[in-house]
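Everything on this sheet refers to the single structure shown next.
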Amino acid sequence: MIHLSLRVAVFRDASRSKVQTLRMFVRSEMFKMRKKLTQVKKFPASAEVGLTCTEACQEGKHLVVIGSSFISMELVVAVSKRKLASIHVIGMEQYPFEVVLGKEIGAGLKQFHETQGVVFHSSTSVRAIRKEPGEALTKVELSNDEVLSADLVVMGVGVRPATDYLKASGWELEKDGSVKVDELLRVPGRADVYAIGDIATYPQLPGGTYRRIEHWNVGAHILAKLLRSYSGATRSQVIWAAG
């Protein structure tokens, strides 16, 4: 396993020299992260997983995807034109991407994918996955007692923040284990402490709801906004964007 991490230096004042030092430090860390990502792409296990998906997602096959956010839905898009016998998406929310993009956008995306033949099983979870001896297909049992058959089952359920050590130290965490921050990415009640990336739950819009987005480019965007705040900007707005 290759561990990806970013360290951030935090300075008390926003003098030009220290902002420049922080900018150079961040560029160095991002370069190191890019090298690690290159190693991930060459990692044999990743290639093996990709080959398994390619071989399994062929015409006439049955696919079950657990999760309805980035990883899962990107896979659905990639194989939706392959004439699979069925594509089932299981999500704990009512709509795909609901937690990140909201119900309205999620409903629109759900409607689009349904026109492509995708079947959604919303507001439910998986009770069991099993394959009996001699059977060709895997059985996926849902919490509503429905049973799906699959040639391939893919779990794209995201990650859980590794913050148990913070909780043990007396930190107040969000329900999902994340750290809540303000518009400048500061941890309330913790002087000179910031949280960025998958671990942080932050306001998406001024006065809006809080979100924790699990996506590879969020950390880079947050670092850029953090630099802006130290350069004199009054806010450090971070909005997820693909591309």
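Bear in mind these aren't lab numbers, they're just calculated from the coordinates by the rules spelled out. This one's a predicted model, so the numbers in the text were calculated from it and none came from an experiment. Because the Cβ atoms are built from the backbone with ideal geometry, glycine has one as well, and the counts that use them run over all protein chains shown.
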field: Gap separating the Cα centres of segment 116-139 and segment 166-193, nearest whole Å
entry: 37
- line: Applying the gyration tensor rule to the Cα atoms of segment 58-155 (axes a ≥ b ≥ c; rounded if a/c under 1.5, else prolate if a/b exceeds b/c, else oblate), the class is oblate
task: Show the residues, 5+ positions off or on another chain, whose built amide H is closer than 5 Å to the amide H of HIS121.
output: VAL89, ILE90, GLY91
- line: In order over segment 170-184: 3J(HN,Hα) from phi, Karplus 6.51/-1.76/1.60, θ = phi - 60°, whole Hz, x for each Gly or Pro, gives x, 6, 8, 10, 6, 4, 8, x, 8, 9, 7, 10, 8, 5, 9
message: If amide hydrogens are placed 1.01 Å from N in the peptide plane, which non-local residues have theirs closer than 5 Å to the one on LYS180?
response: GLU174, THR201
- line: Sorted by chain and then number, the residues having a modelled amide H within less than 5 Å of the amide H of VAL193, at least 5 places away or on another chain, are VAL187
message: Please list 3J(HN,Hα) in residue order for segment 125-139, calculated via the Karplus relation 6.51 cos²θ - 1.76 cosθ + 1.60 where θ = phi - 60°; whole Hz, with x for glycine and proline.
response: 9, 9, 8, 7, 10, 8, 9, 6, x, x, 8, 7, 9, 8, 9
task: Could you go through segment 102-119 in sequence order and give the Karplus-derived ³J(HN,Hα) for each residue, using 6.51 cos²θ - 1.76 cosθ + 1.60 with θ = phi - 60°, rounded to whole Hz, and x for Gly and Pro?
output: x, 5, 5, 5, x, 5, x, 5, 4, 4, 4, 5, 5, 5, 8, x, 7, 10
- request: Quickly rank 145-152, 128-135, 170-177 as a protection proxy: mean count of other C-beta atoms within 10 Å, highest first.
  value: 145-152, 170-177, 128-135
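Listing PHE97, PHE112 from the residue with the fewest other Cβ atoms within 10 Å to the one with the most, what is the order? Mind dumping the intermediate values first?
Details: PHE97 21, PHE112 12.
Listing PHE97, PHE112 from fewest to most nearby Cβ atoms yields PHE112, PHE97.
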